[in-house]
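Note sheet for the following structure.
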Amino acid sequence: MHIGEILTADTANGTGIRLSIFVSGCTNHCKGCFQPQTWDFEYGKLYTESIEKFILEELSKNYYDGLTILGGEPFENSNQKVLVNLIRKIKTDMPEKNIWIYTGFTYDKDLIPGGCRYIECTDEILDSIDILVDGRFVEDLKNIRLNFRGSSNQRIIDMKATRKNGEVKLSPLNN
């Protein structure tokens, strides 16, 4: 996996102060994407132990509310296989930190058993995160007034409630 960018003290990609990592690689290629350079799976720097150490040390600072993972596409199969280990470490060492993931895939279609981006670690990732912002960016539905998303088809999903109830539960942040 490659990392296109790491933003420290980010306030645009979730609630509170966040550490945001942009993974590389995306097969969605949404028209109007704000990060088309991250479509390339080898864009940026190779994810290494030193980058992971930086992420964990930075995120441990008390002013961070949590981590946001976006891209590129975190749910590309090769990215999931790396991210699941990072998420495990965060949930073990910093359980008070919340985790958001942005995906161009649709939770209840693509990330479920039989879905096009469901692999052996997908459930563990989904069980471990707090918010999933799902859905492709659709340029014709772009709305700059929306909270934490670019187009009106995208959803901000409360993953704890969704996984507990077995049906999609939207976050109040959708309003």
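Values in this text are rule-based calculations from the coordinates and carry no lab data. For clarity, every value in this text was computed on a predicted model and none was experimentally measured. Using ideal geometry, Cβ is built from the backbone for each residue, glycine included, and neighbour counts are taken over all protein chains shown.
Pick the calculated semi-axes √(5λ) of the Cα gyration tensor in Å for this structure from (1) 36, 17, 15; (2) 21, 19, 17; (3) 27, 21, 17? Answer by label: (2).
Partners of K61 within straight-line reach, counting lysines whose Cα lies under 24 Å from its Cα and excluding those fewer than 8 residues away in the same chain: K45, K53, K89, K91, K97. Each helix, a run of at least 4 DSSP H residues, gives -39500 (n - 2.57); summed and divided by the residues of the chain, these come to -7500 deg cm²/dmol at 222 nm.
Ranked by the mean number of other Cβ atoms within 10 Å per residue, highest first, peptides 108-116, 51-59 order as 51-59, 108-116.
The range 94-162 and the range 21-36 have Cα centres separated by 15 Å. Sequence-distant contacts, meaning Cα pairs under 8 Å at least 6 residues apart, place the relative contact order of the chain at 18 percent.
Among the chymotrypsin sites (Phe, Trp or Tyr not before Pro) within the range 61-93, those in coil by DSSP and having at most 11 neighbouring Cβ atoms inside 10 Å are Y63.
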